[in-house]
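Chemist: So that we are looking at the same thing, I have put the structure below in structure tokens.
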Amino acid sequence: MQVNLEESNNITIEREGTSDSFVMCIDSRVTVRLSKSEMRLMHALIGAQLQDNPKMGRDALKKVMADTLVSHKPKVQEVLRRMKKEDIAFVIWYMGDLRMGHEILNNMSKRSAEDVQETVREAIERRIRKERSTGNTTFEVQMTEYGKAAVTAFLKQVFDTDTIPI
């Protein structure tokens, strides 16, 4: 696939043979190799930014997250160990899917999972309700951006081990 941009730049994306690796070239100067999962993440992130409807961006990230939780299961636990409790709570809250939330929490110790659930209930949801009651409508938008950033960081850490060096 080749895309000609307005600024006389060209972006090409090609599949490497029959593998699940892709090569993205920008103006034949920059070459990036990506796995299939990384391509899905990039597609979801770009789609989320270009969509006027934030729900569509969230749905795209949910699809990538669901695929990641299944196909990269061994790496998920490793990444969760390195993440802060608050960031994990934002990932679970932003996804808003009980099945994905349980999948993430099942990769943690029982005590850590309870701490994360408490953080979701008390630090995020309770705070949003409080801010709504005081008339602060922008706070939920800020929390949503934090959630999107946490999901992106989580996925990036999972995919970092998949990158193919150039």
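Chemist: Between residue 28 and residue 125, what is the spin-label point distance in nm, taking each point 7 Å from the Cα along the Cα→C-beta axis?
Modeler: Output for this residue pair reads 5.6 nm.
Chemist: Between residue 109 and residue 43, take the C-beta separation as r, use R0 = 41 Å, and let me know the FRET efficiency to the nearest 0.05.
Modeler: Rounded to the nearest 0.05, the efficiency is 0.75.
Chemist: Given 73/148; 62/156; 63/130; 36/85, which pairs have Cα atoms separated by over 26 Å?
Modeler: Violating the 26 Å limit, Cα to Cα: 63/130; 36/85.
Chemist: Please give the net charge around residue 90, taking every other residue with its beta carbon less than 11 angstrom from that of residue 90, where Lys and Arg add +1 and Asp and Glu add -1.
Modeler: 0
Chemist: Tell me, what ³J(HN,Hα) does each residue in the range 106-118 have, in order and in whole Hz, if you take phi through Karplus 6.51 cos²θ - 1.76 cosθ + 1.60 with θ = phi - 60° and put x for Gly and Pro?
Modeler: 5, 8, 10, 5, 4, 5, 5, 4, 5, 4, 5, 4, 5
Chemist: Work out the FRET efficiency for residue 134 and residue 86 from their Cβ-Cβ distance, taking R0 = 22 Å, and round it to the nearest 0.05.
Modeler: Details: r = 22 Å, r/R0 = 1.01.
According to the calculation, E is roughly 0.50.
All of the numbers you see were taken from the coordinates with simple rules; none came from a lab. From a predicted model like this one, the values you see are computed outputs, not experimental measurements. Don't worry about glycine lacking a Cβ; one is built from the backbone with ideal geometry, like all the others, and counts go over all protein chains shown.
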